[in-house]
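The values are calculated or read from the model by the stated rules, or taken from the named source; none is laboratory data. On a predicted model such as this, the values are computed, not experimentally measured, just so you know. Cβ sites come from the backbone with ideal geometry, for glycine too, and all protein chains shown count toward neighbours.
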Amino acid sequence: MEKDTTAVKTTHGGHCHTGSLALNLPEGCKKIVLVGNPNVGKSVFFNYFSGLYVDVSNYPGTTVEISLARYGEDAIIDTPGIYGVSSFNDEEIVARDIILSADKVVNVVDAVHLERDLFLTLQLIDMGLPLIVALNFMDEVEEHRLKVDVDLLSDLLGVPVIPTSAIRKQGLAEVAAALSEAREGHQDPFLHKKLHEMLSRVGSQPEALMVLEGDAYVAARHGIMSGADRDEIYVRRRERVNDIIGHVVTDFDLTETIRQKIGRLVLNPVVGIPIFAVILYGLYQLVGVLIAQVIVGITEEEIMKGYWEPFIRGIIEPVISQKTALGTALIGEFGVLTMMVTYLLGLLLPLVLGFYLALALMEDSGYLPRLATMVDRVLNAIGLNGRAVVPLILGFGCVTMATITTRLLGTEREKTIATAILQWAIPCSAQLAVITVLLAKLGGLYIMLYAGVIFITLAVIGTVLSRTLSGKSSPLLIDIPPLRLPRLDNVVRKAVTRTYAFMKEATPWFFAGALIVSAMQVTGMLGAWQEILAPVTTGWLKLPKEAATAFIMGFVRRDFGAAGLLHMSLTPMQTVLSLITITLFVPCIASTMILFKERGLKQAVPIWLGSWVLALGVGGILAQLLIGGA
Amino acid sequence: MCLDQVKIGERVIIKEILDGTAKTQFIRFGIGEGSTVTCHSKIPFGPVVLRKNRQEIAIGRELARTITVERSDHGGKGHHRG
């Protein structure tokens, strides 16, 4: 990599320092990067600048979505919400790399929370990046009886500050007009000497600051040791922020607004738990009933099975018979063009979209951090913190999607625990639908037995993993944003973006899975497995021999497994025990592949084999106890 | 006294944050050693929610145990920054 050590101020234009940033942009195209804390309305700005043509992609090696769009001759890039630039997690790493390659930065800040937001602003200024600040939520400033002196703030920072109310579409055009006035702000004079020294070694001021602040990744890229001055630099920056706030913000009244009162009530257990119950019920109605039953009923049964499958078979059949090996793989029972397409578009797509809609609603309203706070203690018991509530909730939608989401957790240890719990004990929605049908026929006591056993298993494996895995889980430390009414267009856009990114990432694995299963079917391995499992099924699990088919089918698609039990004549106790076994049994093949991809062989093999032991162990012991001698 | 012993509504001054990463994150949120904060909520056996001006942050109970605080003399809702 070529380094320009002589140029001091022109380093932002150099595209040789972009590190792992792999965004394809034409020569001479300037990168305008949107940066801000989470929940500052950044996406509204991006949507304003981007218009219709947005390229959304996963940042290489992460699930962090990056939106990119052309803006005239230039490109506008959105970054994940961050509180500061460093390398604490995936989102920060991605944001950091994009910021390091920026030509111009639009920093969106929340005018009501300047104490928090200006920290990032000053860090960007210390990086020497040309900057403009969009001072958002100016409408709420009045509601909070605050006064912000915009001109003075601009003078103190040394960059243009544009007051905006993005949600009311106010000030957006002014921000666009001010882009050409982006400039370097007033940097910390104390940093000057050190920055200059480091600059001569790494060739770019933003990277020099990162190294001084102890960013090991950036330092390693330049083959030097990272600095040890982070604490000092941070404390000084905090003092500068507080000083600026003291001059520009006037607080007339700190009494709580109605929204703040509601926010407090949500965190009060007596009121918060019923509120949680109501929200869960709402989500169940949205995802569990409207999407999983009504919409999937139309998309999977009517559209895909009614029109698509006969259509594609009609085209292929005359050329390649279903009876040939290739025909089986393409249009057979588990064919990539039949079952897999139906599964992906008819079932998975609406479900994943539904879950992401629910997640976006909880995020944009500010409820999610409060929920994470409330469940933190419970999740501590299984070695996780409150943030793990996100993958665990998503797991009830699709375990594959949830396994990918474990990337947001703080430590490898937490990722392992959450992944194991998801892969072992969380039934995905496809499976849950069939389980519900079977259990509903049996009544209360059996439902309680099923739920109780799964819950206890989950608690026990979580506790055991938490006690046996080395290391320490990260503690909960999160910002609680104000409650806000979510904007529907933003919620939809976010959900669509994530769904697209997930489908793009997961689809090849689902296809690979279908091919493997087809191969097993053609070579007769599927039948052989059923025979091998038969003694375990009848002797140990006390189930009819055909139940083994259901377990194997569960590997193809988890709901196939459970659905296989629908047509078997089982006693109520046998039904419950087979459902318990099938829930704990190996996840579907796509999920398994993502498991191997995310956790690597060393962890994936024990987790995968562990589910055999767990399912057959728990199911078998209960069968021996509850069904007795046969 | 440690942060986990603070009662709802009480104002305290943060004395020491042992965990390095947590300390960095606190500074970003606007709370450093020496800041005066109010205990906004407490989840039974769970996190402590602190408030400084309009900033609210939730801190896991285990982490709260490692943060030393001191009761602030100022009662009520004074105007504090810093």
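Observations on the structure shown:
- Applying the condition of being of a type in the set (S, T, N, Q) and out of contact with any helix residue (DSSP H, G or I) (no Cβ under 7 Å at 6 or more places or on another chain) to segment B:5-40 and asking which residue is nearest to the other protein chains (Cβ to nearest Cβ) yields B:Gln25.
- Consider segment A:119-150 and keep the residues that are within 17 Å of A:Ser86 (Cβ to Cβ) and of a type in the set (A, V, I, L, M, F, W, C). The one that is surrounded by the fewest Cβ atoms within 10 Å (Cβ to Cβ) is A:Leu122.
- A:Thr592 being in contact with a Gly (Cβ under 6 Å, 6 or more places away or on another chain), hydroxyl-bearing (Ser, Thr, Tyr) and within 28 Å of A:Lys415 (Cβ to Cβ): no
- The set of residues from segment B:41-61 being closer than 15 Å to A:Gly366 by Cβ, at pLDDT 90 or above and not small (Gly, Ala, Ser) comprises B:Val49, B:Arg51, B:Glu56, B:Ile57.
- Subset of segment A:276-288 (residues that are loosely packed, with under 12 Cβ neighbours inside 10 Å and closer than 14 Å to A:Val352 by Cα): none
- Annotation: A:Tyr234 fulfils all but one of (1) modelled with pLDDT of 90 or more; (2) under 21 Å from A:Ser200 (Cβ atoms); the unmet one is (2).
- Note on segment A:334-369: among residues that are in contact with a Phe, Trp or Tyr (Cβ under 7 Å, 6 or more places away or on another chain) and without any contact (Cβ under 8 Å) to a residue 60 or more places away in the chain, the one that is surrounded by the fewest Cβ atoms within 10 Å (Cβ to Cβ) is A:Val341.
- When residues of segment A:226-239 are limited to those that are among the charged types (D, E, K, R) and touching a Leu at 6+ places or on another chain (Cβ under 6 Å), the one surrounded by the fewest Cβ atoms within 10 Å (Cβ to Cβ): A:Asp229
- A:Ala402 vs. criteria crowded, with 21+ Cβ neighbours inside 10 Å and farther than 18 Å from A:Thr497 by Cα: no
- Segment A:213-240, residues that are in a helix (DSSP H, G or I), without any contact (Cβ under 8 Å) to a residue 12 or more places away in the chain and among the hydrophobic types (A, V, I, L, M, F, W, C): A:Ala219, A:Ala220, A:Val235
- Answer residue from segment A:67-84, given it is under 21 Å from the mean Cα position of the chain (by Cα) and buried (at least 24 other Cβ atoms within 10 Å of the Cβ) and is farthest from the other protein chains (Cβ to nearest Cβ) among those: A:Ile77
- Residue match in segment A:284-292 (condition: facing chain B (nearest Cβ under 10 Å) and assigned to a helix (DSSP H, G or I)): no
- The numbered conditions (1) within 13 Å of chain B (Cβ to nearest Cβ); (2) over 24 Å from A:Thr463 (Cα atoms); (3) not hydroxyl-bearing (Ser, Thr, Tyr) are all true for A:Leu361 except (1).
Per-residue answers, yes or no, for (1) assigned by TED's automatic domain parsing to the domain that holds A:Glu181; (2) of a type in the set (Ser, Thr, Tyr); (3) closer than 28 Å to A:Thr405 by Cβ; (4) assigned to a strand (DSSP E or B):
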position: A:Ser43; (1), (2), (3), (4): yes, yes, yes, no
position: A:Asn47; (1), (2), (3), (4): yes, no, yes, no
position: A:Ile82; (1), (2), (3), (4): yes, no, yes, no
position: A:Ser86; (1), (2), (3), (4): yes, yes, yes, no
position: A:Ala95; (1), (2), (3), (4): yes, no, yes, no
position: A:Ile98; (1), (2), (3), (4): yes, no, yes, no
position: A:Ile125; (1), (2), (3), (4): yes, no, no, no
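- For A:Ala111, the requirement of being in contact with a strand residue (DSSP E or B) (Cβ under 7 Å, 6 or more places away or on another chain), of a type outside the set (S, T, N, Q) and buried (at least 24 other Cβ atoms within 10 Å of the Cβ) is met.
- When the residues of segment B:41-63 are filtered to those that are touching a Lys or Arg at 6+ places or on another chain (Cβ under 9 Å) and more than 7 Å from chain A (Cβ to nearest Cβ), the one that is farthest from A:Gly84 (Cα to Cα) is B:Lys42.
- Summed over segment A:437-477, the residues that are hydroxyl-bearing (Ser, Thr, Tyr), crowded, with 17+ Cβ neighbours inside 10 Å and part of a helix (DSSP H, G or I) give a count of 4.
- Helices (runs of 4 or more DSSP H) fully within segment A:556-630 counting 2 or more residues that are under 20 Å from A:Thr457 (Cβ atoms) and at pLDDT 85 or above: A:572-584, A:589-626
- All conditions but one from (1) in contact with a Leu (Cβ under 6 Å, 6 or more places away or on another chain); (2) farther than 22 Å from A:Glu143 by Cβ apply to A:Val248; the one that does not is (2).
- Selection within segment A:151-175 - assigned to a helix (DSSP H, G or I) and surrounded by fewer than 16 Cβ atoms within 10 Å (Cβ to Cβ): A:Asp151, A:Leu152, A:Asp155, A:Arg168, A:Ala173, A:Glu174
- Boolean, A:Ala430 is among the hydrophobic types (A, V, I, L, M, F, W, C) and touching an Asp or Glu at 6+ places or on another chain (Cβ under 8 Å): yes
- Conditions (1) farther than 29 Å from A:Ile331 by Cα; (2) at pLDDT 85 or above; (3) surrounded by fewer than 21 Cβ atoms within 10 Å (Cβ to Cβ): number failed by A:Ala372: (3)
- For segment A:89-108, a tally of residues being within 14 Å of another protein chain (Cβ to nearest Cβ), farther than 22 Å from A:Lys30 by Cβ and touching a residue at least 60 places away in the same chain (Cβ under 8 Å) returns 2.
- Qualifying residues in segment A:338-369 (those that are aromatic (Phe, Trp, Tyr) and at pLDDT below 90) - the one farthest from A:Tyr284 (Cα to Cα): A:Tyr343
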